[in-house]
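Structure first, commentary second.
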Amino acid sequence: MTGDVRRAGGYFLVGALSLLAPVLDGVTSGRLAAISTVAPFAFVAAVALASTRGPLFELFARESDREEGRLYGLASFALAVAGLAVLLVGFELPTAAFVATVFVLTTGNLGQMLVATRLVNPFVVVSAFVASGMAGAIGAIFLAGTLGATTPSLPLATFFAASGALLAALIRSALHVRDDSLVLLSTGLVIWFLLELGLGATTSSTQIAVGLGLTVLLGGLAYGLGTASITGMLTGVLLALFAVVLGGYGWFVLLMTFFGVGGLASKYRYDEKLERGIAQENEGARDSGNVLANSAVALVAVVAYAGAVHVSMDASVFRFAFAGAVAAALADTLSSEFGGLFDNPRLITTFERVEAGTDGGVTWQGVVAGLVGSGCIAGLGALFFGLGVPGTVTILAAGFVGMTVDSILGATLEGGRLDNQSVNLLATLSAGLVAAAAGLVVL
């Protein structure tokens with residue numbers, strides 16, 4: 001057994017102390033419950049900070065710990081779990097969310113290390129983290145249930161665990177694999193939020209199963225085709241899972257149309273784009289920043305939709321915001337990827353001719369391609385959301401507005417106050433707001 005695997009096993013055992021929470025909750029209360037739940041992890045943190053040599057140090061020490069001479073990694077992990085325990089006893093963080101969060105990280109890390117001893121493929125390794133973290137979280141939820149905690153149904157537990165595992169893997173891949181405290185706190189808050197949405201009455205087990213199967217399959221396909229990096233793939237899978245579970249199949253189809261068509265468009269005549277200086281970085285593989293910049297507004301819309309449904313509000317306006325934002329993202333992508341292949345672009349603010357690849361430069365071919373992309377999303381919106389002619393035209397127009405805003409911002413602010421991802425985010429936001437406002441009139 002390698003040192004990495006032994007260390008991961010040690011972290012797993014420390015994390016297993018979280019299962020004391022449902023037991024203590026049943027036999028203690030008030031201040032005593034708080035002290036009893038937080039104390040084990042505070043004690044581990046204190047021991048870690050005091051350890052400078054010996055078997056314990058050798059078991060848990062990472063390379064950075066050896067350089068510092070202290071078990072800062074273990075201390076950071078224990079203190080983060082203690083922070084979650086404070087939320088558990090003081091702010092009503094559900095026990096299911098608490099144990100699921102801890103086991104997502106510890107079992108995910110253990111599974112990843114076991115696989116990494118034999119395989120080095122990054123996709124396989126990160127998949128091992130997600131799969132084992134998800135399985136560990138599900139097991140922890142129901143083990144906590146046998147100890148007295150309130151637990152969700154198996155389908156919902158699977159969704160919460162999958163969401164937590166994907167988010168944890170994304171943070172570890174995008175930032176630093178050792179940022180345990182950030183992983184734990186972020187994952188815990190997201191699982192808590194999902195639990196509070198009350199999805200049981202509106203989400204079927206079939207919907208969750210289909211969502212998991214499709215998103216994982218398409219995520220693997222995107223990575224295999226080179227249209228997404230590891231972080232881009234994880235981000236896309238997480239967003240698509242939210243779309244199908246929190247929204248429905250139609251939401252998923254719209255979002256995956258953008259991911260699929262946009263990704264393939266980036267690959268189209270890539271070598272020629274590279275020569276022109278307009279090619280997507282990383283050989284056309286989109287990373288998490290790019291995916292989020294184009295999909296964050298859509299994500300907010302689908303979460304807001306689920307929240308509105310939970311409190312029995314009319315949530316139709318969020319369909320317009322979602323479709324409008326996705327239409328703008330695809331319109332802008334196709335406009336850039338196809339329009340950049342043609343000569344003599346003109347700056348959108350002055351109509352003077354500029355070099356290919358100039359921010360804010362547009363061609364009529366690119367505008368047509370953008371309208372086709374926006375029209376594609378509008379048509380799918382009409383099919384799945386029942387928008388009718390006025391609603392469909394609204395989404396088409398919102399996509400065009402977003403594409404135009406992107407070009408104007410590119411010509412005026414990009415490269416100075418804004419980077420490309422900020423411009424994409426503002427463009428999709430403008431389209432989502434336009435679609436939502438117009439949707440209120442159409443409804």
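The values are calculated or read from the model by the stated rules, or taken from the named source; none is laboratory data. Because the structure is a prediction, the values reported are computed rather than measured. Note that each Cβ is placed from the backbone with ideal geometry, even for glycine, and that neighbours are counted across all protein chains shown. In case anyone asks, the SASA skips ligands and DNA or RNA and just uses the protein heavy atoms, side chains included. Shrake-Rupley method; radii C 1.70, N 1.55, O 1.52, S 1.80 Å.
Before moving on, here are some points about what is shown:
- Residue in the stretch 185-194 that is at pLDDT below 85 and out of contact with any Leu (no Cβ under 9 Å at 6 or more places or on another chain) present: no
- Filter result for residue 87 (part of a helix (DSSP H, G or I) and either open to solvent by 20 Å² or more (accessible area, probe 1.4 Å) or of a type in the set (Ser, Thr, Tyr) (or both)): yes
Conditions (1) surrounded by fewer than 24 Cβ atoms within 10 Å (Cβ to Cβ); (2) of a type in the set (Val, Ile, Thr), marked per residue:
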position	(1), (2)
223	yes, no
227	no, yes
232	no, no
235	no, yes
242	no, no
248	yes, no
252	no, no
256	yes, no
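- The stretch 359-376 residues that are free of Cβ contacts under 8 Å to residues at least 60 places away in the same chain, paired with ones that are charged (D, E, K, R) and not in a strand (DSSP E or B) (beta carbon under 7 Å, 6 or more apart): 370/332
- Where a residue in the stretch 99-126 is at negative phi and its partner, wherever it lies, is of a type in the set (Phe, Trp, Tyr), with Cβ under 6 Å and at least six apart: 106/11; 106/12; 108/129; 110/12; 112/129; 123/223
- Restricting attention to the stretch 285-318, the residues that are in a helix (DSSP H, G or I) and over 20 Å from the mean Cα position of the chain (by Cα) add up to 5.
- Subset tally (residues that are free of Cβ contacts under 8 Å to residues at least 60 places away in the same chain and closer than 18 Å to residue 22 by Cα) for the stretch 127-144: 6
- Residue match in the stretch 149-159 (condition: closer than 30 Å to residue 64 by Cα, hydrophobic (A, V, I, L, M, F, W, C), touching a residue at least 12 places away in the same chain (Cβ under 8 Å) and buried (at least 20 other Cβ atoms within 10 Å of the Cβ)): no
- Inside the stretch 318-344, residues that are free of Cβ contacts under 8 Å to residues at least 60 places away in the same chain, open to solvent by 10 Å² or more (accessible area, probe 1.4 Å) and within 25 Å of residue 434 (Cβ to Cβ) make up a count of 1.
- Residue, modelled with the highest pLDDT, within the stretch 62-82, restricted to residues that are under 23 Å from residue 187 (Cβ atoms) and not in a helix (DSSP H, G or I): 71
- Residues located in the stretch 139-148, provided they are surrounded by fewer than 22 Cβ atoms within 10 Å (Cβ to Cβ) and part of a helix (DSSP H, G or I): 139, 142, 143, 145, 146
- Criterion: in a helix (DSSP H, G or I), over 26 Å from residue 130 (Cβ atoms), in contact with a helix residue (DSSP H, G or I) (Cβ under 6 Å, 6 or more places away or on another chain) and not small (Gly, Ala, Ser) - qualifying residue of 20, 49, 59: 49
- Sole exception among (1) more than 18 Å from the chain's Cα centre (by Cα); (2) open to solvent by less than 20 Å² (accessible area, probe 1.4 Å) for residue 124, by number: (2)
- Screening the stretch 195-223 for residues that are of a type in the set (Gly, Ala, Ser) and in contact with a Pro (Cβ under 9 Å, 6 or more places away or on another chain) and picking the one that is modelled with the highest pLDDT gives 209.
- Residue list for the stretch 390-426, restricted to those being open to solvent by less than 30 Å² (accessible area, probe 1.4 Å) and more than 22 Å from residue 352 (Cβ to Cβ): 391, 394, 395, 398, 399, 402, 424
- Of all residues in the stretch 260-284 being in contact with a Ser or Thr (Cβ under 9 Å, 6 or more places away or on another chain) and outside any helix (DSSP H, G or I), the one that is modelled with the highest pLDDT: 278
- Extreme residue, farthest from residue 403 (Cα to Cα), among residues of the stretch 377-389 that are free of Cβ contacts under 8 Å to residues at least 60 places away in the same chain, in a helix (DSSP H, G or I) and open to solvent by less than 70 Å² (accessible area, probe 1.4 Å): 388
- Residue 26 vs. criteria closer than 17 Å to residue 94 by Cβ, surrounded by fewer than 15 Cβ atoms within 10 Å (Cβ to Cβ) and modelled with pLDDT under 75: yes
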